[in-house]
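Remarks on the structure that follows.
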Amino acid sequence: MPLITVIMPSLNVKKYIRSCMDSVLGQTLQDMEIIAVDAGSTDGTLEILEEYAARDGRLRVICSDRKSYGYQVNLGLENAKGDYIGIVETDDLIRPAMYETLYHMAVQNDLEYIKGGFSQFIELENGLRWHQPGGNCIFDRALRGKILSPKSMPELATQDYYLWAGIYDRIFLKDIRLSETPGAAFQDIGFIYQVLSTADRAMYLSEELYDYRQTGGNSSFHRDGFKYLVDEYRLLEKILPQKPDVWKQAYYERMFRQTIGRFQRMAIAGRYQGAPDMDVLRENMRQAEHGGIFKTDKLSIDDRALYNQLQNCPAGIFDTFYEKWQPERKRLEGLLNFVCDKEAVIFSCGKYGRFVHLLLEYYKKGQVKAFCDNNEVFWNDTVQGISVLSPERTAEEYKSALYVIANLNNENEIKKQLEEAMIPEERIYAYRPDFEIGLFFAHGCGGEDV
C-alpha cells in the first residue's frame with residue numbers, strides 16, 4: 001500500500017503539465033501512487049500524461065466522462081489506496097519535500113489532516129517567475145505546528161480556503177466528497193467545510209510547500225464567480241441543519257467573505273459586474289440574519305460596514321476596493337505610458353528591479369534591454385536573463401533608451417547620476433511598485449475573466 005495517493009485533475013493544461021508532473025514525481029518521498037484524472041483534454045495533455053505513465057509505474061491515468069473538477073477528484077478518491085491523500089492542481093508546482101514533510105508529521109501526531117504554507121506565483125511565457133510568499137491556511141502564527149481540533153474552531157472557516165495545501169487521512173475522508181457541478185470553480189467549498197467541521201486532530205505548518213499559479217484566466221477569477229458560489233453553497237445547505245450553531249454562523253461568514261472576495265477581484269480588473277447570482281447570495285445572508293442564524297454583530301466593525309454596504313449598495317464595495325487600487329493602478333499606467341514602445345533599462349537589479357522587469361515583460365515583452373546597477377559585483381552578469389551593466393557602460397551602449405529607476409532609497413542620487421551621464425530628465429522615470437501579484441492583472445489584462 002502506498003503511503004500517499006496524489007490526485008491530479010486535469011483539463012487542457014499542456015503548457016503546465018510537464019513542470020507540474022515533474023514536481024510530483026520528483027518528491028523526496030517516493031512511496032506513493034499518482035492518479036491523474038483527465039476530463040477530455042484536446043490540447044495534448046492526455047498524451048503527455050500517458051507518456052509519463054509509461055515511464056513511471058506509480059502514475060495511473062483515468063479518463064473522466066465529465067468536465068467537473070469535483071467529479072474528477074472524487075474519482076481519484078474512489079480509486080485511492082494511499083494512507084493519506086494529496087491533491088495537486090495541474091497548473092501548480094509543489095516543493096520537493098512537500099509530501100515527506102507532511103506525511104511524517106501526520107503519522108507522528110496521528111493527524112486527520114495537515115497543511116503547509118504556500119506561495120502564489122506568476123510565470124511569463126519566457127519562463128520568468130515571480131513568487132509572492134506568505135500564504136497560509138491559518139492566521140495565528142502561534143498555532144502553527146501545534147495539534148488542533150478544527151471542529152472546535154469555526155473561525156477556520158474564514159481562513160482555510162485551500163484544498164491542495166496538505167494531505168488528508170484516507171479513512172477520515174470516507175464520507176467526505178466534493179460537489180460535482182460542471183466546471184472547476186469553488187467546488188471544494190463543501191469539502192473543506194466538512195473537513196474543518198468534522199476533524200478532531202489537525203496541524204498547520206509555517207513552511208511553504210506549495211506554489212499556486214496565478215493567471216488572468218484562473219477559474220476562481222471568472223466573471224461567473226457569483227454563480228459558482230451560489231451553486232456550491234446551495235449544495236452545502238443539505239448538511240447545514242446537522243451542524244451546531246457555531247458552524248452555521250461559520251457557513252454564512254464564509255459565504256460573506258467569498259462574496260466580498262469577488263468584489264476585490266473585480267476591482268483589480270477594474271470592471272464592476274453585478275449579477276442576479278450576487279443578489280441570491282445577498283438574500284441568503286439577509287434571511288439568515290433575520291432568522292438569527294447569521295449573527296452579524298459577531299463580525300468586526302469593518303466587516304459589518306461591508307455587510308451593510310453589500311445589502312444596501314453593493315456597487316459601493318466595488319468603488320471602495322477600486323479606489324484602494326487606484327494609486328497603484330495609476331503608477332503602473334504611468335510606467336507603461338512612459339515606456340510605451342521604446343527600449344528600456346532598469347536601474348537596480350535588486351528585488352524592486354526584478355519585480356519591475358517582470359511587470360514590463362508581462363505588458364511590454366522584450367522592451368527591457370538591460371539592468372544598470374552601481375554594485376560592481378553584478379556587472380557583466382545576468383539577472384532574469386538580461387545583462388547587468390555599470391552606469392557608464394549602460395549610458396554608452398543604450399544612448400537612446402528610457403531609464404526606469406527601481407531603487408527606493410537612492411532615487412534622487414540615481415537621477416542625478418543619470419543626468420550627469422548625459423541621460424536627459426525626460427528619459428528618466430522613477431517607479432515605486434507595491435509588491436502585489438495582482439498588479440499583473442490590473443491594467444487591461446485579466447479583466448475578461450473576473
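Brief remarks follow.
- Checklist (1) at pLDDT 95 or above; (2) touching a helix residue (DSSP H, G or I) at 6+ places or on another chain (Cβ under 7 Å) applied to Leu128, failing item: (1)
Conditions (1) out of contact with any helix residue (DSSP H, G or I) (no Cβ under 8 Å at 6 or more places or on another chain); (2) over 18 Å from Leu335 (Cα atoms); (3) at pLDDT 95 or above; (4) among the hydroxyl-bearing types (Ser, Thr, Tyr), marked per residue:
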site	(1), (2), (3), (4)
Ile386	no, yes, yes, no
Leu389	no, yes, yes, no
Glu396	yes, yes, no, no
Val404	no, no, yes, no
Asn409	yes, yes, no, no
Glu419	no, yes, no, no
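- Test: residue in the range 121-128 that is closer than 29 Å to Val356 by Cα, β-branched (Val, Ile, Thr) and surrounded by 14 or more Cβ atoms within 10 Å (Cβ to Cβ): yes
- Being open to solvent by less than 10 Å² (accessible area, probe 1.4 Å), touching a residue at least 12 places away in the same chain (Cβ under 8 Å) and touching a Leu at 6+ places or on another chain (Cβ under 8 Å) is a property that does not hold for Lys151.
- Residues located in the range 230-243, provided they are in a loop (DSSP other than H, G, I, E, B) and free of Cβ contacts under 8 Å to residues at least 24 places away in the same chain: Glu237, Lys238
- Checked against (1) more than 23 Å from Ile437 (Cβ to Cβ); (2) without any contact (Cβ under 8 Å) to a residue 60 or more places away in the chain, Lys342 passes all but condition (2).
Let's see how each residue does on (1) within 26 Å of the chain's Cα centre (by Cα); (2) without any contact (Cβ under 8 Å) to a residue 60 or more places away in the chain:
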residue: Cys20; (1), (2): yes, no
residue: Gly26; (1), (2): yes, no
residue: Asp31; (1), (2): no, yes
residue: Ile35; (1), (2): yes, yes
residue: Asp38; (1), (2): yes, yes
residue: Glu51; (1), (2): no, yes
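- Inter-residue pairs, beta-carbon under 7 Å, first touching a residue at least 40 places away in the same chain (Cβ under 8 Å) and in the range 105-129, second basic (Lys, Arg) and not in a loop (DSSP other than H, G, I, E, B), 6+ apart: Phe121/Arg129; Phe121/Arg213; Ile122/Arg129; Glu123/Arg129; Glu123/Arg213
- If you go through the range 343-359 and keep only what is farther than 13 Å from Ile122 by Cβ, hydrophobic (A, V, I, L, M, F, W, C) and under 21 Å from the mean Cα position of the chain (by Cα), you end up with just Val356.
- The lone exception for Leu196 - which of (1) modelled with pLDDT of 95 or more; (2) open to solvent by less than 40 Å² (accessible area, probe 1.4 Å); (3) out of contact with any Asp or Glu (no Cβ under 7 Å at 6 or more places or on another chain) it fails: (3)
- In the range 1-28, residue nearest to Asp92 (Cα to Cα) [restricted to those that are open to solvent by 10 Å² or more (accessible area, probe 1.4 Å), among the hydrophobic types (A, V, I, L, M, F, W, C) and modelled with pLDDT of 95 or more]: Val13
- Residue match in the range 368-381 (condition: within 29 Å of Gly135 (Cα to Cα), part of a helix (DSSP H, G or I) and either open to solvent by 80 Å² or more (accessible area, probe 1.4 Å) or in contact (Cβ under 8 Å) with a residue 60 or more places away in the chain (or both)): no
- Some residue of the range 132-144 being open to solvent by less than 20 Å² (accessible area, probe 1.4 Å), in contact with a Cys (Cβ under 8 Å, 6 or more places away or on another chain) and either part of a loop (DSSP other than H, G, I, E, B) or within 30 Å of Lys351 (Cα to Cα) (or both): no
The values are calculated or read from the model by the stated rules, or taken from the named source; none is laboratory data. Just so it is clear, the model here is predicted, and its values are computed rather than measured. Neighbour counts are summed over all protein chains in view; Cβ atoms, including those assigned to glycine, are modelled from backbone coordinates with ideal geometry. To get the accessible areas, we keep the full protein, side chains included, count just its heavy atoms, and leave off ligands, DNA and RNA. Shrake-Rupley method; radii C 1.70, N 1.55, O 1.52, S 1.80 Å.
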